[in-house]
Amino acid sequence: MIRRGFMKAEWIYIHDMKNYIDKKVEFRGWLANRRSSGKIQFLQLRDGSGFIQAVVELSRVGEDVFNSSSALKMESSLTLIGTVVKNERAPNGIELLAEDVKVVGIPNEDYPISKKDHGIDFLMDNRHLWLRSKRQFHILNIRHNIIKATRDFYNNRDFTLVDTPIFTGSIGETAGNLFEIDYFDYGKVYLTQTGQLYLEAAAMSLGKVYNLGPTFRAEKSKTRRHLIEFWMNEAEVAYYRHEDNMKLQEDLVSYIVKHVLENCAESLSALERNTSVLEKVQAPFPRITYTEAVKLLQKKGFDIKWGDDIGADEETGVAKEFDKPVIVEKYPRELKAFYMQPDPENPQVVMCDDMLAPEGYGEIIGASERIWEKDVLIDSLKSKKLPVEGYQWYLDLREYGSVPHSGFGMGIERVVAWLCGLEHIREAIPFARTLYRVYP
RNA sequence: UCCGGAUUAGCUCAGCGGUAGAGCGGAUGGCUGUUAACCAUUAGGUCGGGGGUUCGAGCCCCUCAUCCGGAGCCA
């Protein structure tokens with residue numbers, strides 16, 4: 001039998017097909033799964049914009065088309081002409097009644113990811129294919145929307161985007177957890193673990209600034225909350241004090257959550273995320289001081305005393321007390337970085353805050369008012385045993401027109417994991433770099 | 001780095017010191033409304049490597065490797 005020419009119709013994405021009921025359209029995409037029943041086949045299709053079922057009936061398409069459709073294996077690529085019809089029996093309420101099917105590519109090998117369970121090691125080895133699955137599709141969609149909301153939030157408030165460098169000198173925090181790179185004849189440089197110091201410089205030019213980019217921590221962290229390479233949004237505002245800073249963080253997180261609830265309902269539902277807890281996330285958030293947190297934890301039976309850091313279990317213990325993100329402020333000076341402004345009312349603590357997500361998702365923001373007086377900063381560097389001479393340009397910021405300023409960093413993947421309800425942060429980024437894994 | 005756990009078919013896992021198992025996936029056949037479709041048949045294994053105990057080891061012991069989970073650090 002001679003194969004007739006492929007029919008013609010307008011190429012429509014699945015996402016838009018609901019607007020084409022009873023119209024003939026062309027689908028271009030992949031076969032995610034199939035169920036067949038002799039003279040009828042149900043193709044589960046995806047095209048990057050969503051998922052839809054196509055029905056291929058032998059009596060409608062003829063033997064030729066039916067057979068080429070039968071030859072499709074998992075993750076074959078194809079185009080298909082069909083009519084969009086409403087049908088209650090279809091997974092999304094609409095389906096494609098196929099009229100013509102054209103094979104683009106059929107794999108020779110079996111597709112490694114099947115419908116049944118897989119172990120995490122296998123899935124991570126096949127991350128390049130795992131991304132095609134429904135769950136990963138929805139997680140990445142939410143991640144995209146979190147990043148979009150973050151940018152919108154700052155842009156709406158007249159912040160200026162300032163891209164901070166990836167290669168840096170040793171300036172920053174402690175040098176032990178930095179990745180070292182050979183930089184031609186210059187010698188050693190490091191992959192950034194924060195753009196903060198650069199943002200402070202930019203804030204003195206542009207007032208309100210933010211960045212969004214990758215950061216690197218050479219820490220042998222092996223937990224569900226840690227990545228070696230992760231994306232961070234940082235903001236820095238001239239003349240902002242501690243209080244202004246906390247307000248900005250609350251507004252940002254509220255904005256992101258609202259945006260995701262409004263724009264990602266389908267994805268949240270596909271991930272079976274309980275959205276009622278997310279709907280409560282509106283500013284203002286509860287705030288407690290470090291000192292109060294320690295007392296609270298002691299009352300709950302934790303072995304902690306003033307001056308100890310708040311570990312993972314303790315964080316969850318604090319966060320459990322609230323149904324919104326909670327801000328823990330004013331930590332002991334010894335626990336925190338050199339650039340944080342001491343509290344004028346109690347120099348033992350600094351004007352910093354951590355925002356802890358609910359449901360045990362941990363710290364999503366770390367923030368502080370920065371020291372702006374040059375001599376105080378030099379004293380702080382010395383007391384932390386850091387080389388003052390290495391901070392020349394940073395000290396210049398305190399020499400020329402120094403002003404109070406504050407800022408913070410928000411971990412994108414932590415927010416993604418929280419909003420998606422993920423058990424592990426490695427699903428919150430397309431290609432996770434964890435301890436001992438850089439493949440694929 | 002420390003503390004736990006795991007390693008058996010392509011994948012997920014059972015397996016009591018005595019002939020190597022299931023589900024999924026693959027192949028073949030059946031079925032015009034499937035929803036992780038179903039039914040039948042079938043192929044598929046040096047039980048992570050090395051050493052030891054034993055008449056006999058997937059199972060017990062030692063060792064190495066890899067992976068997973070947790071802690072510290074942090075976002």
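Within the same chain, lysines fewer than 8 places from residue A:116 are excluded, and of the rest, those with a Cα less than 16 Å from its Cα are A:134.
What distance in nm lies between label points placed 7 Å from Cα along the C-beta direction at residue A:275 and residue A:70? Taking the two extended label points, one gets 4.3 nm. Farthest towards the positive end of the charge dipole of segment A:107-243, among the residues A:181, A:202, A:150, is the Cα of A:150, using unit charges on the Cβ of Lys, Arg, Asp and Glu.
Note that segment A:318-440 presents 40 Å² accessible area per residue, ligands and nucleic acids not counted, probe 1.4 Å. In this calculation the C-beta distance from residue A:393 to residue A:148 is compared with R0 = 22 Å, giving a FRET efficiency of 0.10.
Rounded to the nearest 20 debye, the dipole magnitude of segment A:127-428 is 840 debye, with +1 charges on Lys and Arg beta carbons, -1 on Asp and Glu beta carbons, and the Cα centre as origin. Within the same chain, lysines fewer than 8 places from residue A:384 are excluded, and of the rest, those with a Cα less than 30 Å from its Cα are A:188, A:208, A:220, A:222, A:247, A:295, A:305, A:330, A:336, A:374.
Here is how the number arises for chain A: DSSP H runs of 4 or more residues each give -39500 (n - 2.57), the sum is divided by the residue count, and the result at 222 nm is -9000 deg cm²/dmol. Its Cα gyration tensor gives segment A:10-105 an equivalent ellipsoid, and the semi-axes of that ellipsoid, as √(5λ) in whole Å with the largest first, are 18, 14, 12. Neighbours of residue A:131, meaning other residues whose beta-carbon lies under 14 angstrom from its beta-carbon, give a summed charge of +4 when Lys and Arg score +1 and Asp and Glu score -1.
Counting 0.36 nm for each residue step from residue A:16 to residue A:219 and taking away their Cα separation leaves a gain of 68.6 nm. With springs connecting C-alpha atoms under 10 Å apart, model chain A as a Gaussian network and identify which of A:219, A:234, A:369 has the largest mean-square fluctuation. It is A:219. With N the number of residues in chain A, Rg(Cα) / (2.2 N^0.38 Å) evaluates to 1.20.
Between residue A:155 and residue A:63, how high is the FRET efficiency from 1/(1 + (r/R0)^6) when r is the Cβ-Cβ distance and R₀ = 41 Å? Nearest 0.05. Step by step, r from the Cβ atoms, then E = 0.15.
Candidates A:404, A:424, A:347 compared by Cα position along the dipole of segment A:346-440: farthest toward the positive end lies A:424, with charges placed on Cβ.
Relative to the Cα centre, the charge distribution of segment A:10-105, modelled as +1 at Lys and Arg Cβ and -1 at Asp and Glu Cβ, gives a dipole magnitude of about 240 debye. Spatial offset of segment A:384-440 relative to segment A:14-35 amounts to 42 Å, using the alpha carbon center of each. To put it simply, the accessible area of segment A:10-105 at a 1.4 Å probe is 48 percent carbon and sulfur. Near residue A:424, no amide H atom lies under 5 Å from its own; only residues 5 or more places off or on other chains count, and H is placed 1.01 Å from N. For the pair segment A:56-72 / segment A:267-329, the C-alpha centres are spaced 57 Å from each other.
A DSSP coil position with no more than 11 other Cβ atoms inside 10 Å describes the following GluC sites (Glu not before Pro) in segment A:50-156: A:88, A:109. Which Cα, out of A:268, A:228, A:291, lies furthest along the positive dipole direction of segment A:197-299 (beta carbon charges, K/R +1, D/E -1)? Going by the charge dipole, the pick is A:291.
The values are calculated or read from the model by the stated rules, or taken from the named source; none is laboratory data. Values in this document were obtained by computation on a predicted structure and should not be read as measured data. Here the Cβ is made from the backbone with ideal geometry for all residues, glycine too, and neighbour counts use every protein chain on show. Heads up: the accessible areas ignore ligands, DNA and RNA and are worked out on the full protein's heavy atoms, side chains in. Shrake-Rupley method; radii C 1.70, N 1.55, O 1.52, S 1.80 Å.
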